[in-house]
Amino acid sequence: MIRTSFFNIQTRGDTDVVDITPHVVEALKRSKLEEGLATVFISGSTAGITTIEFEPGLVKDVRTLFEKIAPKESRYCHEEAWHDGNGHSHLRSALLKTSLAVPFLDRQLLLGKWQQIVLIDFDNRPRNRRLVTQFVGE
């Protein structure tokens, strides 16, 4: 059986890291599925989804890491086409990816004790992001 649901998150952009675990947990409860695989997907090419220990120090480290990998102030060919200043956002999203799969059992995500699902918005402006959760199971 497959269950699909959606939720929205308002972000600040600029590598904003948002814990979305509670939203995914709530969607899983509503699905009424006991065991299977949860997929979380962000529609868009300037954000990504991953897991981290969601604490202030690591959130800063994540921001620093992406600034080193794809600096905001570098020159990007994408900006020559669109002049929107978010070439770095697209590259960061491509590296992180826009979806994550997590198994679940007994209506519980099988995350580690210190592991949360996070949305990272790399765009250069605040956004209202629509996320998709899809649960495959029984």
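FYI, it's all coordinate maths here, none of it is from the lab. Please read these numbers as outputs of a predicted model, since none were measured by experiment. Every residue, glycine as well, gets a Cβ built from its backbone with ideal geometry; the counts of neighbours run over all protein chains shown.
Summary table below
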item	result
Rel. contact order, % - alpha carbon contacts under 8 angstrom, at least six apart, the chain	54
Peptides 121-130, 47-56, 100-109, 68-77 ordered by average Cβ neighbours within 10 Å, highest first	121-130, 47-56, 100-109, 68-77
Quotient of Cα Rg and 2.2 N^0.38 Å for the chain, N being how many residues it contains	1.10
